[in-house]
1. Confirm whether residue 117 is under 14 Å from residue 11 (Cβ atoms), modelled with pLDDT of 95 or more and surrounded by 13 or more Cβ atoms within 10 Å (Cβ to Cβ).
2. Being outside any strand (DSSP E or B) and in contact with a strand residue (DSSP E or B) (Cβ under 8 Å, 6 or more places away or on another chain): is that true of residue 38 here?
């Protein structure tokens with residue numbers, strides 16, 4: 001997941017854990033509706049664990065958005081059985097924008113898809129790390 005104040009980008013992996021693909025982006029409304037949306041996805045895909053991108057400053061410290069992300073994860077833990085882990089997501093949104101620019105995606109569509117693509121990049125980086133072990 002790529003957790004933001006307005007949207008949450010969501011991605012899942014294939015059954016073999018090799019590739020990530022994006023799911024519809026969650027437009028945040030309230031804690032209750034966000035949790036209901038996420039629970040539906042969890043019920044459908046039955047993931048072993050949830051990977052949440054942790055935004056860090058370039059020096060590795062955790063800033064205000066990182067703290068919000070940790071709070072979001074703590075709220076999720078109260079309602080879900082799955083293990084939740086954090087993955088360094090520095091520059092994932094920047095990378096998502098660059099990929100879409102290279103693919104000649106319009107500015108309007110980039111804004112709509114950046115969270116989903118950032119979530120895919122976060123999960124894919126995590127999967128690549130696991131598969132290199």
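1. On the way: under 14 Å from residue 11 (Cβ atoms): yes; modelled with pLDDT of 95 or more: no; surrounded by 13 or more Cβ atoms within 10 Å (Cβ to Cβ): yes.
Taking the combined requirement at face value, the residue does not satisfy it.
2. Working: outside any strand (DSSP E or B): yes; in contact with a strand residue (DSSP E or B) (Cβ under 8 Å, 6 or more places away or on another chain): yes.
It is true that residue 38 is outside any strand (DSSP E or B) and in contact with a strand residue (DSSP E or B) (Cβ under 8 Å, 6 or more places away or on another chain).
The values are calculated or read from the model by the stated rules, or taken from the named source; none is laboratory data. Computed from a prediction, not measured in an experiment: that's the story for all the values here. Glycine also receives a Cβ, built like all others from the backbone with ideal geometry; neighbour counts cover every protein chain displayed.
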